[in-house]
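The values are calculated or read from the model by the stated rules, or taken from the named source; none is laboratory data. The structure displayed is predicted, hence computed values, not measured ones. Heads up, the Cβs are rebuilt from the backbone with ideal geometry, glycines too, and the neighbour counts pull from every protein chain shown. Surface areas here come from the heavy atoms of the whole protein model, side chains and all, with no ligands, DNA or RNA. Shrake-Rupley method; radii C 1.70, N 1.55, O 1.52, S 1.80 Å.
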Amino acid sequence: MVDLYQHRARKRFGQNFLQDMNIIDRIMQAIHPLRTDHLLEIGPGRGALTQELLKEARQLDVIELDQDLIPLLNLRFGLNPAFHLHQGDALKFNFAEISLGNPLRVVGNLPYNISTPLIFHLLGYADVIKDMHFMLQKEVVERMAAEPGTGDWGRLTIMVQYFCQVEHLFNVPPACFTPSPKVDSAIVRLTPYRILPFPAKDHKLLELVVREAFNQRRKTLRNTLKQILPIETIEQTGINASLRPEQLMLADFVKLADKLYDYKQSYKES
Ligand code: SAM
């Protein structure tokens, strides 16, 4: 029998392992896995969630970066035909390659140090994902679920809300983990829209406009967007260029991105 605790938690891999069975149960109730689901867990660690997911899953792919955890995971779950282990970096993982027509249900108590880039990476695969349940730093979940006009409304909010419905499900205190993190955590459900409520002509341009606008969030659009859109062009959208980015709704950013698209097209044609 392998002693699971011989493995020393590593800070650089954002390792805070779940140890509270009540919270694990609540997470499982929120996920509610079905036998027909294709589940994918990011960062299984020592297997606290993996073990519960395998009670239902017909297929569970897991991606773990820490090589030292691989023998332990194989020993615990390797004989289960539903279990497929990928050793590697979830930030570089091609989620489309494994979905094979059955949209993925993605799950993870994510390493907090890479959670934002990982969410952006996953948004690129929104069309092969059915839903995502993540444990994240509470502040990150608050930013994802934020309303316009608040200090939390920013680049992460807009890009996540462009692709997904966001539900802040419940908070999780530090004592539920070993070692305990210094911050509060929360569970979020992200459900990619099958039909986007505000589709942009090119979502890469939406990303560009949002990034530029929030680079200096205290400044007006007139200042932050001047490198990419002339002020008259901004105002043709009906949006006041003296506004600051947090005063705009998602639909306004889409209007600006579409204007930028048309502006670029007119340049190409002339
Ligand atoms: N799921 C386990 C649990 O709840 O106890 C572990 C969660 S721990 C917060 C995060 C896990 O993600 C660790 O096992 C860590 O090694 C793994 N990890 C860190 N960076 C990763 C990456 N880039 N790709 C895949 N896994 C990663």
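Hull volume per residue, based on the alpha-carbon atoms of the stretch 80-172 and their convex hull, is 119 Å³. Within the listed set 61, 20, 152, the residue fluctuating most in the Gaussian network model of the chain (springs between alpha-carbon atoms under 10 angstrom) is 20.
Principal axis extents of the C-alpha atoms in the stretch 4-192 (largest first, rounded to whole Å): 51, 39, 29. Couplings for the stretch 124-133, taken from phi via the Karplus curve 6.51 cos²θ - 1.76 cosθ + 1.60 with θ = phi - 60°, read x, 10, 3, 6, 10, 10, 7, 7, 9, 10 Hz in order; Gly and Pro are left as x. About the centre of its Cα atoms, the stretch 4-192 shows a dipole size close to 340 debye [charges on the beta carbon of Lys, Arg (+1) and Asp, Glu (-1) only; nearest 20 debye]. Taking a sphere under 12 Å around the Cβ of residue 107 and counting the other residues whose Cβ falls inside, with K and R at +1 and D and E at -1, yields a net charge of -3.
Across the stretch 6-11, rounded Karplus estimates of 3J(HN,Hα) from the backbone phi angles (6.51 cos²θ - 1.76 cosθ + 1.60, θ = phi - 60°) give 5, 6, 8, 4, 10, 5 Hz, Gly and Pro being marked x. Exceedance of the 30 Å cut-off in Cα-Cα distance is limited, within the set 55/204; 130/204; 92/182; 55/130; 55/92, to 55/204. For the stretch 243-257, backbone phi angles converted through the Karplus equation (6.51, -1.76, 1.60; θ = phi - 60°) give residue-by-residue couplings of 6, 9, x, 6, 8, 9, 8, 3, 4, 5, 5, 5, 4, 5, 5 Hz, Gly and Pro being listed as x. Once both labels are positioned 7 Å from their Cα atoms along Cα-to-Cβ, the gap between residue 165 and residue 58 label points is 2.4 nm. Modelled spin labels at residue 175 and residue 267, positioned 7 Å past Cα toward Cβ, are 5.7 nm from each other. Using the 1.4 Å probe convention, the accessible area of the stretch 142-212 works out to 46 Å² per residue with neighbouring protein chains retained.
Roughly speaking, to the nearest percent, how much of the stretch 100-157's 1.4 Å accessible area is carbon and sulfur? It would help to have the intermediate numbers written out before the result.
Details: 1050 of 2110 Å².
Carbon and sulfur atoms account for 50 percent of the accessible area of the stretch 100-157.
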